[in-house]
1. Size of the dipole of the chain about the Cα centre, Lys and Arg at +1 and Asp and Glu at -1 on the beta carbon, nothing else charged, in debye to 20?
2. With a sphere of radius 12 Å drawn around the Cβ of Asp241, what net charge do the other residues whose Cβ falls strictly inside it have (Lys, Arg +1; Asp, Glu -1)?
3. Taking θ as phi - 60°, what are the ³J(HN,Hα) couplings along region 39-56 by the Karplus curve (6.51, -1.76, 1.60), each to the nearest whole Hz, with x for Gly and Pro?
4. Springs between alpha-carbon pairs under 10 angstrom, Gaussian network model over the chain: which of Cys139, Cys239, Cys56 fluctuates most?
5. Of Lys70/Lys237; Lys116/Lys283; Lys28/Lys107; Lys107/Lys128, which pairs sit farther than 26 Å apart, going by alpha carbon to alpha carbon?
6. For the chain, what is the mean residue ellipticity at 222 nm derived from helices alone (per DSSP H run of n ≥ 4: -39500 (n - 2.57); sum divided by total residues; nearest 500 deg cm²/dmol)?
7. Work out from phi, with θ = phi - 60° and the Karplus expression 6.51 cos²θ - 1.76 cosθ + 1.60, the ³J(HN,Hα) of each residue of region 147-161, listed in order in whole Hz, and give x for Gly and Pro.
8. Mind sorting Phe136, Phe121 by how few other Cβ atoms lie within 10 Å of their own Cβ, fewest first?
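Coordinate-derived values only; no laboratory data. Small disclaimer: the values here were computed from a predicted structure and weren't measured. Quick reminder, even Gly has a Cβ in these numbers, built from the backbone with ideal geometry, and neighbours come from all protein chains shown.
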Amino acid sequence: MTQIIDGKALAASIRADLAKRTTVLTEKGHRPGLAVVIVGDDPASQVYVRNKIRACADTGIESIEYRLAKDTREEELLKLIGELNNDKRVDGILVQLPLPEQIAPEKVIAAIAPEKDVDGFHVMNAGKLLTGTGGFMPCTPYGVMKMIESVGYDLTGKEAVVVGRSNIVGKPQALMLLAKNATVTVAHSRTADLADVTRRADVLIAAVGRAKMITGGMVKPGALVIDVGMNRDENGKLCGDVDTASVMGIAGWVSPVPGGVGPMTIAMLMTNTVEAVERRMNK
């Protein structure tokens, strides 16, 4: 029987623990602060930002919101980031992606001080992940690791397949799995016979952005399947990269969409923000 990994419940538990840590920090005069910057009026981005601000309220983190017009120039955004880097109220800086076409996201990410890069996207934090020397981990793959941990799954010696090679999920996910002694394969759109690769996986992580791409016939019996995708099906209904109905009864565990990785991503953003304060205090 396939077990559902409830990301929503796990995220709520993490936020409750963070609220206690935030209370302690606030009592010491160090209330965590997250600057949230959104440029333009992309509807999906508006929803994501609203959810992040709500999570800040739940955990006692001060959210400082900056809403900029769609035609904001790149140098204006970079100037704001420079100011936030020097603002003592701000422990973490989040710039909601995607950005309008006139702004280069790589320049924006590079401008954020690594110690305030709670998204974990800065090359300094990416390098620390690669070398296993700390830094902030990207929130989505960090959340995936917590979900795997939550069911008591030991990754040592297991074959893990990550479908997707993005800088935000696929590549850092592979590194995190390697750090837990899994044998890791990164598959992608150019992988020959993808189903043959995924059927070998004890742990299968789908992060490719294609609705219901992973079907039951592509899953090893008893595998742990994590669905990172967020898509709309032919009826406009929210769905993941995994055809959940077809893997039920085959997979040992599966994460749902919605209610799986999404809430965990936000929970890990809150975690990184609180940890930013704790690291600064322990210097």
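1. My answer is approximately 440 debye.
2. For residues surrounding Asp241, the net value is -1.
3. Calculated HN-Hα couplings, in order: 10, x, 10, 4, x, 5, 4, 4, 5, 4, 5, 4, 5, 5, 5, 5, 5, 4 Hz.
4. With Cα springs under 10 Å in the chain, the top fluctuation among Cys139, Cys239, Cys56 is at Cys239.
5. As for pairs spanning more than 26 Å Cα to Cα, those are Lys70/Lys237; Lys28/Lys107.
6. One gets -13000 deg cm²/dmol as the mean residue ellipticity at 222 nm.
7. Taking θ as phi minus 60°, the curve returns 5, 5, 4, 5, 9, x, 7, 8, 7, 4, x, 7, 8, 10, 10 Hz for region 147-161.
8. Phe121, Phe136
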